[in-house]
1. Over 23 Å from A:TYR182 (Cα atoms), more than 14 Å from chain B (Cβ to nearest Cβ) and surrounded by fewer than 17 Cβ atoms within 10 Å (Cβ to Cβ): is that true of A:ALA50 in this structure?
2. Among the residues of region B:53-77, which ones are exposed (fewer than 12 other Cβ atoms within 10 Å of the Cβ) and farther than 18 Å from B:TYR92 by Cβ?
3. Would you be able to say whether some residue in region A:118-128 is over 29 Å from A:THR172 (Cα atoms), among the aromatic types (Phe, Trp, Tyr) and crowded, with 21+ Cβ neighbours inside 10 Å?
4. State which residue is surrounded by the fewest Cβ atoms within 10 Å (Cβ to Cβ) when the search covers only region B:100-116 and only residues that are part of a helix (DSSP H, G or I) and in contact (Cβ under 8 Å) with a residue 24 or more places away in the chain.
5. Taking into account only those residues within region B:139-175 that are hydroxyl-bearing (Ser, Thr, Tyr) and touching a residue at least 12 places away in the same chain (Cβ under 8 Å), which is nearest to the other protein chains (Cβ to nearest Cβ)?
6. If a residue must be among the basic types (Lys, Arg) and closer than 18 Å to A:ALA132 by Cβ, how many such residues does region A:174-205 contain?
7. Could you figure out which of (1) in contact with a Phe, Trp or Tyr (Cβ under 8 Å, 6 or more places away or on another chain); (2) in a helix (DSSP H, G or I) isn't true of B:ALA65?
8. Give the residue, chosen from A:LEU152, A:LEU176, A:LEU183, that is at pLDDT 90 or above, part of a helix (DSSP H, G or I), in contact with a Leu (Cβ under 8 Å, 6 or more places away or on another chain) and buried (at least 16 other Cβ atoms within 10 Å of the Cβ).
2 protein chains.
Amino acid sequence: MASNNRSRILLESVTLFNHAGVATVSTNHICESLSISPGNLYFHFKNKEAIVRELFTQMCEETYALWKAELKEETRPPMAFIDRSLEIFWKYRFFHREMYHLRRQDPQLSSDWHRHLAKTRHFMKAAYAGWAKGGWMMRIEDVRALRVLSDLVLLTASSFFQFYESTEKPATGRPLRLGKEYLGRVMLPHFTPKYREEVLASIDE
Amino acid sequence: MASNNRSRILLESVTLFNHAGVATVSTNHICESLSISPGNLYFHFKNKEAIVRELFTQMCEETYALWKAELKEETRPPMAFIDRSLEIFWKYRFFHREMYHLRRQDPQLSSDWHRHLAKTRHFMKAAYAGWAKGGWMMRIEDVRALRVLSDLVLLTASSFFQFYESTEKPATGRPLRLGKEYLGRVMLPHFTPKYREEVLASIDE
């Protein structure tokens, strides 16, 4: 029951943070929303920061699980991976929207974030090699060009939600669909001609 | 003297907002930093929100002045324009970093922002036509492809600073230099071959 409450607190926090922003949501709001006592929440988490950090760990774990599957699988086209990654970016979108601010307030989170960024770059290099081997992407010999491309993918995935998610209306899946189109276009020049046609057709759907 | 103080307040606010984030900086901080009385500040601005809105207007005006020059000038390559635009993005980087949050708190700013976004898209279409005419860019017939490209340029310019500006160390010009490289790479597939060589050479410098 106790661990069940722990999961409920994490789940409700993501929803509230996504909806209203971390700064606006207090531990009291989370308790009210779940109809639990503050004591119950503090049994599991010291404060809001601890919840945010735990959610960051959770997001990283989901991401790494996806990567692991991607590096094993050799017959999966890059856009299928992009789709699944975007689901995670969308699920935890408050992080990317507010990361600068959160990093400022919590040096621990900031160093976790830097570590995650370094891992992301490392993974992208490995994944790209796999996609090139599988005939989806053209090889990029220039290390710096590959790094910039991987940063652009990351940048677009992590920042366009805050751009296109309306602050006025309830969240919809529209930014998620847009994201797929945008990432497809960022990567387009690096697809092999055959796969490029396929992606373009799916974008125009 | 009064209007001089008004400008000083605006200038100091940008510096403080960029350095510490809008949420952290109070009107008292601004007064202390300028050695003026709160009454002096309130003579010019009702509250912090009013300062933020005025700075947004100021940023838009600087941007529109740059656009006007760009649409007049027919012999200027796109990267020169990108360079100048990035200076403005950098100067007001707190806006892009915190825009989602600021829009949430201030519906007026949110609608100003939407209007600015619509203008940006309109301008990019016109500017692109000029660059194609001048032989720098290849024509893009597909309206949607042009729109996505222009959104990607905007997204990259407005979001990579929060990604690459360290929250731990004092601001440097490094993210600004990186931004030029990233935007060059976003636009690269759409440059004419001759100009592409030129841009690549400047990126590798």
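1. yes
2. Scanning region B:53-77 gives B:LYS68, B:LYS72, B:GLU74, B:THR75.
3. Yes - at least one qualifying residue is present in region A:118-128.
4. Among residues in region B:100-116 that are part of a helix (DSSP H, G or I) and in contact (Cβ under 8 Å) with a residue 24 or more places away in the chain, the one surrounded by the fewest Cβ atoms within 10 Å (Cβ to Cβ) is B:GLN108.
5. Filtering first and then ranking leaves B:SER159.
6. We begin by selecting, within region A:174-205, every residue among the basic types (Lys, Arg); these are A:174, A:177, A:180, A:185, A:194, A:196.
Subset that is closer than 18 Å to A:ALA132 by Cβ: A:194, A:196.
So the answer is 2.
7. Evaluating B:ALA65 over (1) in contact with a Phe, Trp or Tyr (Cβ under 8 Å, 6 or more places away or on another chain); (2) in a helix (DSSP H, G or I) leaves (1) as the failure.
8. Exactly one of A:LEU152, A:LEU176, A:LEU183 is at pLDDT 90 or above, part of a helix (DSSP H, G or I), in contact with a Leu (Cβ under 8 Å, 6 or more places away or on another chain) and buried (at least 16 other Cβ atoms within 10 Å of the Cβ), namely A:LEU183.
The values are calculated or read from the model by the stated rules, or taken from the named source; none is laboratory data. If you're wondering where the values come from, they're calculated on a predicted model, not measured in any experiment. We place every Cβ from the backbone using ideal geometry, glycine too, and count neighbours over all the protein chains shown.
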